[in-house]
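*Asks:* First the structure, then my questions, so here it is.
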Amino acid sequence: MRIRVDTELCQGHGRCYMLAPDMFDADADGYCEPTDERAVVPELFDQARRAFMNCPEQAIFLTEET
Ligand code: F3S
């Protein structure tokens, strides 16, 4: 599984770092970080899916690898 955040779409709603605190943090302005595409370790799959499902701007992109 891989995840990334589109910085153009992120509006700082903060659900990602509230629902997936082991994956995301807030920058000084409340926007999500990190935003670079990265691999998700299996222990964080649930958090990744939760963040993906709950971003109101659909700024989080999740790729499930088979
Ligand atoms: Fe941004 Fe969505 Fe998180 S708008 S701060 S990526 S919940």
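The values are calculated or read from the model by the stated rules, or taken from the named source; none is laboratory data. From a predicted model like this one, the values you see are computed outputs, not experimental measurements. Quick reminder, even Gly has a Cβ in these numbers, built from the backbone with ideal geometry, and neighbours come from all protein chains shown. To get the accessible areas, we keep the full protein, side chains included, count just its heavy atoms, and leave off ligands, DNA and RNA. Shrake-Rupley method; radii C 1.70, N 1.55, O 1.52, S 1.80 Å.
*Asks:* Send over a whole-number figure in Å² for the accessible area per residue of the chain, probe 1.4 Å.
*Replies:* 66
*Asks:* Contact order normalised by length for the stretch 2-63, with contacts defined as Cα pairs under 8 Å and 6 or more residues apart; what percent is it?
*Replies:* This gives 48 percent for the stretch 2-63.
*Asks:* Let me ask something additional. Based on the inverse mean of 1/r over its pairs of different Cα atoms, what is the Kirkwood hydrodynamic radius of the chain, in Å?
*Replies:* Kirkwood hydrodynamic radius for the chain: 11.5 Å.
*Asks:* For the chain, take the longest principal axis of its alpha carbons; what is the angle in degrees between that and the long axis of helix 45-54, to the nearest 10 within 0 to 90?
*Replies:* With rounding to tens, the tilt is 40 degrees.
*Asks:* A further question on this structure: With every protein chain in place, what's the accessible area of M53 (1.4 Å probe, Å², nearest 10)?
*Replies:* Surface open to solvent at M53 totals about 140 Å².
*Asks:* If R₀ is 25 angstrom, what is the calculated FRET efficiency for the pair V41 and E64, using the beta carbon separation as r and rounding to 0.05?
*Replies:* 0.95
*Asks:* For T7 and D27 in one chain, what is 0.36 nm times their gap in residues minus the Cα-Cα distance, to one decimal in nm?
*Replies:* 6.0 nm
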